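What follows is a short report on a single structure.
The values are calculated or read from the model by the stated rules, or taken from the named source; none is laboratory data. Everything numeric here is computed off the predicted structure, so don't read it as measured data. Cβ placement follows ideal geometry from the backbone for every residue including glycine, while neighbour counts extend to all protein chains displayed.
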Amino acid sequence: MRRLVALATTGHVGLLGGAFLFQLAGYAPCAMCLWQRWPHAVGIALGIAALAGLWPRAMAGLAALAALVTAGIGAFHAGVEQVWWPGPASCTGSGAGISGMSGGDLLSTDIPETLVMCDDIVWQFGLTMAGWNAVLSSVLAIVWITAALKRP
């Protein structure tokens with residue numbers, strides 16, 4: 001069980017670290033990209049707790065849930081990128097436009113130069129980053145579930 005927990009925790013570290021490396025390389029994250037990061041952080045924390053001996057089976061079960069959450073967000077995000085379904089209006093080109101904005105909002109300099117919309121594909125190797133997150137996080141969920149079902 002301990003090896004599976006270490007493997008899954010390392011997987012979360014790798015996926016979250018990879019996201020930060022892409023960001024350092026100039027690929028700015030969109031809002032949905034940021035949403036996908038939080039469950040990885042939770043998975044890392046739960047993995048560390050399990051490795052420390054704090055209810056390892058329960059921690060592995062909760063970490064499986066965290067992996068499934070980020071996989072679900074990643075799958076939804078990949079679908080938005082492929083225009084299979086609409087994404088959040090606040091993060092896609094299908095928003096309400098500028099009708100609800102004041103002149104001050106339009107002239108605001110608070111908008112980052114690297115603003116990325118959730119329906120933009122900024123990197124793709126077979127799958128988009130969101131798609132890869134969905135696939136790899138699903139694999140992590142399987143590892144976590146396997147760990148949770150094993151005796152410590």
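Numbers for the structure displayed
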read-out: Subset of the stretch 119-150 (residues that are surrounded by fewer than 15 Cβ atoms within 10 Å (Cβ to Cβ) and among the polar types (S, T, N, Q)); value: 124
read-out: Residue among 55, 123, 144, 132 that is out of contact with any His (no Cβ under 7 Å at 6 or more places or on another chain), of a type in the set (Phe, Trp, Tyr) and modelled with pLDDT under 95; value: 123
read-out: Residues within the stretch 20-52 that are modelled with pLDDT under 95 and among the small types (Gly, Ala, Ser), tallied; value: 4
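Yes/no matrix, rows are residues, columns are (1) of a type in the set (S, T, N, Q); (2) under 18 Å from residue 7 (Cβ atoms):
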{"residue": "42", "(1), (2)": "no, yes"}
{"residue": "45", "(1), (2)": "no, yes"}
{"residue": "51", "(1), (2)": "no, yes"}
{"residue": "55", "(1), (2)": "no, no"}
{"residue": "66", "(1), (2)": "no, yes"}
{"residue": "70", "(1), (2)": "yes, yes"}
{"residue": "81", "(1), (2)": "no, no"}
